[in-house]
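Enquirer: Take a look at this one; I'll ask things after.
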Amino acid sequence: GDSVTQMEGPVTLSEEAFLTINCTYTATGYPSLFWYVQYPGEGLQLLLKATKADDKGSNKGFEATYRKETTSFHLEKGSVQVSDSAVYFCALSDYANFGNEKLTFGTGTRLTIIP
Amino acid sequence: SAVISQKPSRDICQRGTSLTIQCQVDSQVTMMFWYRQQPGQSLTLIATANQGSEATYESGFVIDKFPISRPNLTFSTLTVSNMSPEDSSIYLCSALQGRNTEAFFGQGTRLTVV
């Protein structure tokens, strides 16, 4: 079945540091890929997405590129802020396979940014 | 995207009792899902709530323990039955507004069973 492997956390960085959170996937079809973020005490919010190979999703300074050849969707940000402290989840969904639109999540990476 | 309201936001329950969680979307959606997030863990899909028919459960989850209703296109409930401390989790409702659209989530229900 489909699966997502995500970089283990927690990750602690200083403000303005460069961030990479690795995510790789296994899927039988052609999945859409997502990064969701969960801020302390809140529900999940979609951060960015990509629906086909070589697509780049971006939002709030975060970027991730859908790499089919390496089955990866790594999250990057050039300069993190304290407000980026949250748990980040990589996820996939096989939207092309009707009836299989559920999300499969990675384990989540807790990111803490220190001033 | 649409907004999901989930109630209650949190509850503390006695073991052996049941709790029903409500999920209301402010517009019609095609699909609704229930996830569980155990402490410090990722999200695991419990079931897909099907309108007007029985929910589709994932491996490891059964209807007797997690009965689900979805009477229309905007509302669903999840009941956690005969609770034990192992059921202490955050339960999240999610929905899709159409094919090839991203899922959005409610704020979650934080359940503690004592």
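FYI, it's all coordinate maths here, none of it is from the lab. Note that the coordinates shown come from a computational prediction; the quantities given were computed from them, not determined experimentally. Using ideal geometry, Cβ is built from the backbone for each residue, glycine included, and neighbour counts are taken over all protein chains shown.
Enquirer: Which one of A:ALA17, A:LEU46, A:VAL87 has its Cα pushed farthest toward the positive end of the charge dipole of the stretch A:1-105, where Lys and Arg give +1 and Asp and Glu give -1 at the Cβ?
Expert: With unit charges placed on the Cβ atoms, the residue in question is A:LEU46.
Enquirer: Using the Karplus curve 6.51 cos²θ - 1.76 cosθ + 1.60 with θ = phi - 60°, what ³J(HN,Hα) values do you get for each residue of the stretch B:63-71, in whole Hz, with x for Gly and Pro?
Expert: Computed from phi, the couplings for the stretch B:63-71 are 5, 5, 8, 10, x, 10, 10, 8, x Hz.
Enquirer: Could you list A:TYR88, A:TYR66, B:TYR57 so that the one with the fewest beta carbons within 10 Å of its beta carbon is first and the one with the most is last?
Expert: B:TYR57, A:TYR66, A:TYR88
Enquirer: For the residue pair A:SER58 and B:GLN28, what label-to-label distance in nm results when each label sits 7 Å from Cα along the Cα-to-beta-carbon direction?
Expert: For A:SER58 paired with B:GLN28, the spin-label model returns 3.7 nm.
Enquirer: Also: Residues with amide H under 5 Å of B:GLN107's amide H, sequence separation 5 or more or different chain, H placed in the peptide plane at 1.01 Å from N; which?
Expert: Those lying under 5 Å, H to H, from B:GLN107 are B:GLN6.
Enquirer: Regarding the stretch B:1-95, what is the average projected area of its C-alpha convex hull, in nm²? List each step's numbers first, then the result.
Expert: Numbers: hull surface 24.0 nm².
Seen from a random direction, the Cα hull of the stretch B:1-95 projects 6.0 nm² on average.
Enquirer: In nm, what is the difference between 0.36 nm times the number of residues separating B:THR20 and B:THR44 and their Cα-Cα distance?
Expert: 6.8 nm
Enquirer: Counting pairs of alpha carbon atoms under 8 Å apart in space and at least six apart in sequence, what relative contact order in percent does chain A give?
Expert: On the way: 302 pairs, mean separation 41.9, N = 115.
Once divided by the residue count of chain A, the mean separation gives 36 percent.
Enquirer: Of A:LYS56/A:LYS77; A:LYS49/A:LYS77; A:LYS49/B:LYS7, which ones are farther than 18 Å apart at the Cα?
Expert: A:LYS49/B:LYS7
Enquirer: Which aspartates and glutamates have a Cα less than 12 Å from the Cα of A:LYS102, not counting those fewer than 8 places away in the same chain?
Expert: Filter leaves A:ASP2, A:ASP94, B:GLU58, B:GLU102.
Enquirer: Quote the relative contact order of chain B in percent (integer), defining contacts as alpha-carbon pairs under 8 Å separated by 6+ residues.
Expert: 37 percent
Enquirer: A further question follows. Reported to two decimal places, what Rg/Rh ratio describes the protein assembly as shown when computed on Cα atoms with Rh from the Kirkwood expression?
Expert: 0.97
Enquirer: Take the Cα gyration tensor of chain A, multiply each eigenvalue by 5, square-root it, and list the three semi-axes largest first, rounded to whole angstrom.
Expert: On the way: eigenvalues 121, 40, 28 Å².
Each semi-axis is √(5λ); the values are 25, 14, 12 Å.
Enquirer: By the 4.7 Å beta carbon criterion, which cysteine residues of the protein assembly as shown come out unpaired?
Expert: B:CYS13
Enquirer: If one puts a single equal scatterer on every Cα of the stretch A:59-98 and applies the Debye formula without solvent, what log₁₀ I(q)/I(0) results at q = 0.18, 0.31 Å⁻¹?
Expert: Values returned for q = 0.18, 0.31 Å⁻¹ are -0.67, -1.19.
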